[in-house]
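Peer 1: Please read through the structure below; I'll follow up with questions.
Just so it is clear, none of the values below were taken in a lab; they were calculated from the coordinates. Remember, it's a predicted structure, so these values are computed and weren't measured experimentally. Don't worry about glycine lacking a Cβ; one is built from the backbone with ideal geometry, like all the others, and counts go over all protein chains shown.
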Amino acid sequence: MAHNVIISKPDKTVNTTIQLTGSKSECNRALVIQALSKGVVKVQNISDAADTVTLAGILSEPKFSGFQNTENEKALPSVEGLGGALSEINVGPAGTAMRFLTAYLTLQPGEFLLTGSERMKQRPIGILVDALRKLGAKIIYAGVDGYPPLQISGGFEQQTNRISIKGDISSQYITALLLIASQLQQGLQLEIEGELTSRPYVEMTLSMLQQAGIQHTWEDNVIAIENQPFTDASIWVEPDWSAASYWYSIAALSDEAELFLPGLASYSLQGDSVLTEIMANFGITSQFKDGGVYLKKKPKPTVRKIFDLKSCPDLAQTIIVVCAALGHEATFTGLETLKIKETDRIAALQNELGKMGVKLIEKGQVYKLDLSEKFIPQKIAVKTYEDHRMAMAFAPLACIIPQVEIEDYRVVEKSYPAFYNDLEKAGFAIQEV
Ligand SMILES: O=C(O)C1=C[C@@H](OP(=O)(O)O)[C@@H](O)[C@H](O)C1
Ligand SMILES: C=C(OP(=O)(O)O)C(=O)O
């Protein structure tokens, strides 16, 4: 089976409609809410992202959801019974599934071994485990302290309703706690210590809980949720703005382009919708009408020199690659969390941009592109490091480099399985090698 693809640009101007799959962030929250509500809350427009399929599969098992979920038909169970006593659950590379299930399983009767891919075993989870233990949950490390796999004994007597948690490593720990908060006997008062990274993801969690009837207060750095029931609701998942970023990037790297992305609205729960503002710097206009967004390229000189990506870390690779490709010597901040994602995204960017003579220089918390030795090769072979966003952020380089080879190209399935089909639809040639 081929592992790589070579992408070449279309013969004519990109002018098409791309229907993006649902946001995996919204979906994975909605699935946990649905399971906690025992099916009272429904989910519509479920994503086909592998991370969502994995979580839906796990939660559709009656022993984990406490109800028979027949709605998520795309679900692929990835659960194995271990001698009846301990159930092993493997989330593969899905960070949100790992973090959300860690909290969720502490409330479910049973003994669980929660594990994931080799990379997942290197992604820290100690901050969340410590917080859950303070609440009274029973979790032990089955491998290295501070990292998955975790052994969780579900069901616990709550010891306190007030805990504090560091906010600058991953917002997913905070989301995991907020998702279960209303089901804790004493509710939860969560004090966020220090800076909060990826803040829009916490706001997304609270908005979605609110759609499911769960009220909260957020005063200064304390988010409080009382014990309360979910109410009948149907949550509609928006298309994925992070996936949209690759289409904005294609438009930015083309002389001309016109695209329609149905389902995206100017108001979104996803912080990555800030993309429209960021991409305006590269001459992309976004017009919201007909139930979606039209993007158009209008060449203009790029003015913005500093991009703070703390609130939208999943856009970092897209924007850095666009700046490098356009020869825009920009500076980036808010990239601290990139080293603990699917791969060390800083190192991966440095390696792959190096193949076109571009340096991404780290100076404390500031990263600067050095384009003094930049060149446009005839061909580039991009390693993807088991990171979907490396593949999708570099693929648009095909607009300016005749042949872009993406190694281990199927990594995109984590969030956007139809990526290459959509590229073909837009006129790109995709050759498996
Ligand atoms: O809550 C979420 O759905 C996510 C939060 C972000 O992670 P961090 O909070 O770890 O930055 C983001 O990078 C990830 O892709 C999805
Ligand atoms: C960081 C990501 O995902 P996760 O942390 O959920 O694995 C991502 O999709 O870019």
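Peer 1: Which of the GluC sites (Glu not before Pro) across segment 189-219 are loop residues per DSSP, with 10 or fewer other Cβ within 10 Å?
Peer 2: none
Peer 1: How many angstrom lie between the Cα centre of segment 95-157 and the Cα centre of segment 370-390?
Peer 2: 36
Peer 1: OK, next. At a threshold of 8 angstrom on Cα-Cα distance, excluding pairs fewer than six apart, so keeping six or more, what relative contact order does segment 240-390 reach in percent?
Peer 2: 18
Peer 1: Tell me whether segment 113-184 comes out rounded, prolate or oblate; compute the Cα gyration tensor, take square roots of the eigenvalues as a ≥ b ≥ c, and use a/c under 1.5 as the rounded threshold.
Peer 2: Working: a/c = 2.00, a/b = 1.35, b/c = 1.48.
Verdict is oblate for segment 113-184.
Peer 1: Label Asn221 and Asn351 with points 7 Å out from Cα along Cα→Cβ: what is the distance between them in nm?
Peer 2: In this crude spin-label approximation the distance works out to 3.6 nm.
Peer 1: Just how far, in whole angstrom, is segment 293-362 from segment 183-226 if you go by their alpha carbon centroids?
Peer 2: Comparing the Cα centres of segment 183-226 and segment 293-362, I get a distance of 30 Å.
Peer 1: Per the Kirkwood definition applied to all pairs of different Cα atoms, how many angstroms is the hydrodynamic radius of segment 382-433? It would help to have the intermediate numbers written out before the result.
Peer 2: Numbers: mean 1/r = 0.0903 Å⁻¹.
When all Cα pairs of segment 382-433 are included, the Kirkwood radius is 11.1 Å.
Peer 1: Could you give the nm distance between label points at Lys42 and Phe288, where each point is 7 Å from its Cα heading toward the beta carbon?
Peer 2: 2.6
Peer 1: Here is a follow-up. Taking 1 over the mean of 1/r across every pair of different Cα atoms in segment 81-124, what Kirkwood radius in Å do you get?
Peer 2: Every distinct Cα pair counted, the radius reaches 10.9 Å.
Peer 1: How are the C-alpha pair distances of segment 24-236 spread across 10 Å bins, as whole percents from the shortest bin up?
Peer 2: 9, 38, 40, 13, 0
Peer 1: Right, next: Taking every pair of alpha-carbon atoms in segment 265-332, give the share separated by more than 13 Å as a whole percent.
Peer 2: Summing the P(r) of segment 265-332 above 13 Å gives 66 percent of all pairs.
Peer 1: Using alpha-carbon pairs under 8 Å, 6+ residues apart, how would you state the relative contact order of the chain in percent?
Peer 2: Contact order relative to length: 19 percent.
Peer 1: Are there chymotrypsin sites (Phe, Trp or Tyr not before Pro) in segment 182-270 that DSSP puts in a loop and that have at most 14 other Cβ atoms within 10 Å, and which ones?
Peer 2: Sites meeting the loop and neighbour criteria: Tyr267.
Peer 1: Which lysines have a Cα less than 23 Å from the Cα of Lys166, not counting those fewer than 8 places away in the same chain?
Peer 2: Lys121, Lys134, Lys138, Lys310, Lys339, Lys341
Peer 1: At a 10 Å Cβ-Cβ cut-off, how would you order Ile152, Ile346, fewest neighbours first?
Peer 2: Ile346, Ile152
Peer 1: Could you tell me the relative contact order of segment 24-236? Use alpha-carbon pairs under 8 Å, at least six residues apart, and round to a whole percent.
Peer 2: 19
Peer 1: Stick to the Cα atoms of segment 293-404, pair each with every other, and give me the Kirkwood hydrodynamic radius in Å at one decimal.
Peer 2: On the way: mean 1/r = 0.0693 Å⁻¹.
Computed over segment 293-404, the radius equals 14.4 Å.
Peer 1: Going by how many other beta carbons lie within 10 Å of each one, how would you line up Leu190, Leu86, fewest first?
Peer 2: Leu86, Leu190
Peer 1: Another question, if that's okay. Hey, got the dipole for the chain? About the Cα centre, +1 on K and R Cβ, -1 on D and E Cβ, debye to the nearest 20? If you can, show how the numbers build up before the last one.
Peer 2: On the way: 40 positive and 50 negative charges, 119 e Å.
In debye, rounded to 20, the chain gives about 580.
Peer 1: So what is the orientation-averaged projected area of the chain, using the convex hull of its C-alpha atoms, in nm²?
Peer 2: Working: hull surface 80.9 nm².
If you wrap the Cα atoms of the chain in a convex hull and average its projections, you get 20.2 nm².
Peer 1: Moving on. Of all GluC sites (Glu not before Pro) in segment 289-380, which ones are in loop regions per DSSP and have a Cβ with at most 10 other Cβ atoms within 10 Å?
Peer 2: Loop-located and lightly packed - Glu373.
Peer 1: Hey, what number do you get for the chain at 222 nm if only DSSP H runs of n ≥ 4 count, each worth -39500 (n - 2.57), divided across all residues, to the nearest 500? Don't jump to the answer; show the numbers that get you there.
Peer 2: On the way: 13 runs with 124 residues, N = 433.
That calculation yields -8500 deg cm²/dmol at 222 nm.
Peer 1: Among all the lysines, which ones have a C-alpha under 20 Å from Lys9's C-alpha, if same-chain residues fewer than 8 places away are not counted?
Peer 2: Cα-Cα hits under 20 Å: Lys296, Lys297, Lys298, Lys355, Lys379, Lys383, Lys425.
Peer 1: Tell me the volume per residue, in Å³, of the convex hull enclosing the alpha carbons of segment 138-234.
Peer 2: Given the Cα convex hull of segment 138-234, per-residue volume reads 117 Å³.
Peer 1: Please give every one of the aspartates and glutamates within straight-line cross-link reach of Lys12, meaning a C-alpha to C-alpha distance under 20 Å, and leave out same-chain neighbours fewer than 8 residues apart.
Peer 2: Asp255, Glu256, Glu258, Asp422, Glu424
Peer 1: Need one number: % antiparallel among DSSP beta bridges in the chain, to the nearest 5.
Peer 2: 65
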